[in-house]
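Please read the structure below before turning to the comments.
The values are calculated or read from the model by the stated rules, or taken from the named source; none is laboratory data. Worth saying up front: this structure is predicted, and the values here are computed from it rather than measured. Ideal geometry is used to build each Cβ from the backbone, glycine not excepted, and the neighbour counts take in all protein chains shown.
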């Protein structure tokens, strides 16, 4: 049997994640990894999770519910709590506007399944989140770049997109944040092109500076007269605010969208683990704000250490973003330096890892860019790693002279 002849055509679009491969380097203690955008396990609220788990399993009625099949929409108290949190962001919604997913990555996959047919156009920033591209690629779309901030509103003419995908807060990979004016421009473009917008807000609790801004879904609903009249679909997750392995994400959307997503959920895996949903509700509803403050303090110090080290050591010609939150700094090298070649040398010679930027681009561009994650290393290790990387880049520059 030649299996490659039997696979669906979509499999040609599905490639291994460069980031997942690089995460294997975390097992090598001498590697300073700026690759995976993953939370520091030292910050996981292990004691709170253990207490909540014991409380659920120690109560016969709750244990029976936690270990049983459940509804596809998700655990009602958790959906009610998420709806109340959204109201604090200016987004009035009901539990019927919320569906729990197996991490926000499943949410992206389901939205691709719901909206995309082969050949449909997805508008996204260039670069954009690699995981979104991987989720959408299974449904064989084509991509078009969203207009750059400040570009005339006429941009996008001639494109008939099926949907747009954006990360307004601390974008992965660049770390940039959309201003209020840029958010309004995005909604105006979506209205003019009559397209739904997927708003991915995975890093919502990780703001270290700047002003809190309303999410797109709130601005859209205010203009449209309510969430059910709007066009924005919001994806959230507890992976960065509590812990990723519980795999609890959510989608907030107009009810007409949620109703179809529930059918997809039923056909896919019936529902997210009831036990994990109950556990997340018990933990998040008690500690999320206090825990977020602790996490922000740690990550803000690491971001500052990275930015200070970049300023102190990087040679002329290298630029980088200065994120207000999230986990990433995006660096741009002189155009002749291929970040993939730099990574090979970085691992072999400097024992440093990062993610080359080309994987995040919808058009194959960005070979001279790279993503640096500051979430996993202590400030001293960040400074050491950036200094090593800077010396390596200086060597590449000297060879070009």
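Here's a check for you: in the stretch 377-401, which residue that is at pLDDT 95 or above and not in a helix (DSSP H, G or I) is surrounded by the fewest Cβ atoms within 10 Å (Cβ to Cβ)?
By that ranking, first place goes to 378.
Could you pull out the residue among 202, 245 that is part of a loop (DSSP other than H, G, I, E, B), under 24 Å from residue 71 (Cβ atoms), modelled with pLDDT of 95 or more and not assigned by TED's automatic domain parsing to the domain that holds residue 296?
So the residue among 202, 245 that is part of a loop (DSSP other than H, G, I, E, B), under 24 Å from residue 71 (Cβ atoms), modelled with pLDDT of 95 or more and not assigned by TED's automatic domain parsing to the domain that holds residue 296 is 245.
Are any residues in the stretch 248-270 within 22 Å of residue 131 (Cβ to Cβ) and outside any helix (DSSP H, G or I), and if so, which ones?
248, 249, 250, 251, 252, 253, 269 - these are the residues of the stretch 248-270 that are within 22 Å of residue 131 (Cβ to Cβ) and outside any helix (DSSP H, G or I).
Here is a list of conditions, (1) surrounded by fewer than 17 Cβ atoms within 10 Å (Cβ to Cβ); (2) in contact (Cβ under 8 Å) with a residue 40 or more places away in the chain, and residue 39 meets all of them except one; can you say which number that is?
Checking residue 39 against (1) surrounded by fewer than 17 Cβ atoms within 10 Å (Cβ to Cβ); (2) in contact (Cβ under 8 Å) with a residue 40 or more places away in the chain, the one that fails is (1).
Residue-by-condition table, conditions (1) closer than 26 Å to residue 70 by Cβ; (2) under 22 Å from the mean Cα position of the chain (by Cα); (3) outside the structural domain of residue 109 (by TED's automatic domain parsing):
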{"residue": "260", "(1), (2), (3)": "yes, no, no"}
{"residue": "265", "(1), (2), (3)": "yes, yes, no"}
{"residue": "272", "(1), (2), (3)": "yes, yes, no"}
{"residue": "276", "(1), (2), (3)": "yes, yes, no"}
{"residue": "284", "(1), (2), (3)": "yes, yes, no"}
{"residue": "297", "(1), (2), (3)": "no, yes, yes"}
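Of everything in the stretch 272-296, what is under 12 Å from residue 74 (Cβ atoms) and out of contact with any strand residue (DSSP E or B) (no Cβ under 8 Å at 6 or more places or on another chain)? Give them in sequence order.
Listed by number, the residues that qualify are 273, 274, 276, 278, 280, 281.
All but one of (1) modelled with pLDDT under 95; (2) out of contact with any helix residue (DSSP H, G or I) (no Cβ under 8 Å at 6 or more places or on another chain) hold for residue 345, so report the exception by its number.
Among (1) modelled with pLDDT under 95; (2) out of contact with any helix residue (DSSP H, G or I) (no Cβ under 8 Å at 6 or more places or on another chain), residue 345 violates only (2).
Taking the residues in the stretch 301-321 that are assigned to a loop (DSSP other than H, G, I, E, B) and in contact with a helix residue (DSSP H, G or I) (Cβ under 6 Å, 6 or more places away or on another chain) as candidates, determine which candidate is surrounded by the fewest Cβ atoms within 10 Å (Cβ to Cβ).
315
Given the criteria part of a loop (DSSP other than H, G, I, E, B), in the same structural domain as residue 235 (by TED's automatic domain parsing) and either at positive phi or at pLDDT 95 or above (or both), does residue 96 qualify?
no
For the structure I just gave you, tell me whether residue 194 is closer than 20 Å to residue 296 by Cβ and surrounded by fewer than 16 Cβ atoms within 10 Å (Cβ to Cβ).
no
State whether the residues of the stretch 258-271 include one that is crowded, with 19+ Cβ neighbours inside 10 Å, touching a helix residue (DSSP H, G or I) at 6+ places or on another chain (Cβ under 8 Å), without any contact (Cβ under 8 Å) to a residue 60 or more places away in the chain and closer than 28 Å to residue 180 by Cβ.
Within the stretch 258-271, none of the residues are crowded, with 19+ Cβ neighbours inside 10 Å, touching a helix residue (DSSP H, G or I) at 6+ places or on another chain (Cβ under 8 Å), without any contact (Cβ under 8 Å) to a residue 60 or more places away in the chain and closer than 28 Å to residue 180 by Cβ.
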